[in-house]
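The values are calculated or read from the model by the stated rules, or taken from the named source; none is laboratory data. Values in this document were obtained by computation on a predicted structure and should not be read as measured data. Backbone-built Cβ (ideal geometry, glycine too); neighbour counts: all protein chains shown.
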Amino acid sequence: MTRGIVVLACVCALLGGFYSAIAKWGIRHETLDLFDAARQRRVSVDIAERVDYAMKADAGLWKPPVAVISNGNTVRNTEYSFLANVFAASGYLVASIQQDLPSDPPLVTKVGLPYVGRLAVYKKGEANILFVLQQLKQRYPNAGYDHLTLVGHSNGGDTAMYFAQQHPQLVSKVITLDNLRVPILLSHKLKVLSFRSKDPVFKTDPDVLPTPQQAKTDGIDIVQTPFQHTWMSDRGPLFAKQAIQATLERFLGGADVTRLASIDSGKPTLENGMPLP
């Protein structure tokens, strides 16, 4: 599949302003402090939904698709509003899950074990997602839960990809932001978008990314960015978040996505050489 349709820098700026305005005036955020009695575990969820679409859903006039966002290690689930607002503005019901708790063991790396010893972490994330979906179905019965969109940054991206592997019948799209451990799932039925960082510290494990031929065959979008790994949250600079938003919006709309590039100065640009704001 040919990739390369360029999103102009001015579009990034316009989209950034649009999502900022929507977030202020049209998107409602609500925190759900849930408790999974079966696991004796608290699960905090930030819900984002556009007010007018929520009213249509309540009236039975709209069935919002569901997007689940999983946070990266040491990043709060509330620090992905720049992503949640894109989905909510498009009519999604968005659930950003706090996947880790202060009481959880620290992440470890054990070479030679599956996912460098983090399989239990991804299974915990899988259980969190299943529990949250169960709770959402009671609170938002008019939403669509059979074609989920999973989103995740770093360790959260690995959690999203692992869940898609285990429950392919529930998932239609996966968007990862620099997941490093769990291989991207190859499936003609699954739409995948993965933003990759250019970071000297955070390195992707072998076999996580498909070969160029595999990506072409399966229609997987691998977007190489000049951004640091830690920029892919609300903590990142505005120009990086705007570029990701613009690309994500095109992906959700079914269009080819932008490939980002860098120039000698290190100032991020789009393919046509125009600097991002």
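Restricting region 87-115 to residues that are of a type in the set (Ser, Thr, Tyr) and within 22 Å of the chain's Cα centre (by Cα) leaves a set whose member that is surrounded by the fewest Cβ atoms within 10 Å (Cβ to Cβ) is 90.
What's the total number of residues in region 63-86 that are surrounded by fewer than 17 Cβ atoms within 10 Å (Cβ to Cβ) and not hydroxyl-bearing (Ser, Thr, Tyr)? Within region 63-86, residues that are surrounded by fewer than 17 Cβ atoms within 10 Å (Cβ to Cβ) and not hydroxyl-bearing (Ser, Thr, Tyr) number 3.
Is it the case that region 39-52 has a residue that's touching a residue at least 12 places away in the same chain (Cβ under 8 Å), crowded, with 18+ Cβ neighbours inside 10 Å, in contact with a Leu (Cβ under 8 Å, 6 or more places away or on another chain) and part of a helix (DSSP H, G or I)? Scanning region 39-52, I find no residue that is touching a residue at least 12 places away in the same chain (Cβ under 8 Å), crowded, with 18+ Cβ neighbours inside 10 Å, in contact with a Leu (Cβ under 8 Å, 6 or more places away or on another chain) and part of a helix (DSSP H, G or I), so the answer is no.
Going by the conditions given, is residue 81 in a strand (DSSP E or B), under 30 Å from residue 229 (Cβ atoms) and modelled with pLDDT of 95 or more? So residue 81 fails the test.
Within region 149-175, the set of residues being over 17 Å from residue 123 (Cβ atoms), buried (at least 24 other Cβ atoms within 10 Å of the Cβ) and of a type outside the set (Val, Ile, Thr) comprises 153, 154.
Per-residue answers, yes or no, for (1) closer than 24 Å to residue 81 by Cα; (2) touching a helix residue (DSSP H, G or I) at 6+ places or on another chain (Cβ under 9 Å); (3) assigned to a strand (DSSP E or B):
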{"site": "132", "(1), (2), (3)": "yes, no, no"}
{"site": "150", "(1), (2), (3)": "yes, yes, yes"}
{"site": "161", "(1), (2), (3)": "yes, yes, no"}
{"site": "173", "(1), (2), (3)": "yes, yes, yes"}
{"site": "204", "(1), (2), (3)": "no, no, no"}
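Checking each residue in region 190-213 for being more than 19 Å from residue 159 (Cα to Cα) and surrounded by 13 or more Cβ atoms within 10 Å (Cβ to Cβ) picks out 198, 199.
Here residue 196 clears all of (1) touching a residue at least 40 places away in the same chain (Cβ under 8 Å); (2) in contact with a strand residue (DSSP E or B) (Cβ under 8 Å, 6 or more places away or on another chain); (3) among the charged types (D, E, K, R) except the condition numbered (1). One residue alone among 178, 221, 146 is surrounded by fewer than 23 Cβ atoms within 10 Å (Cβ to Cβ), touching a residue at least 12 places away in the same chain (Cβ under 8 Å), of a type in the set (Asp, Glu) and in contact with a Ser or Thr (Cβ under 8 Å, 6 or more places away or on another chain), and that residue is 221.
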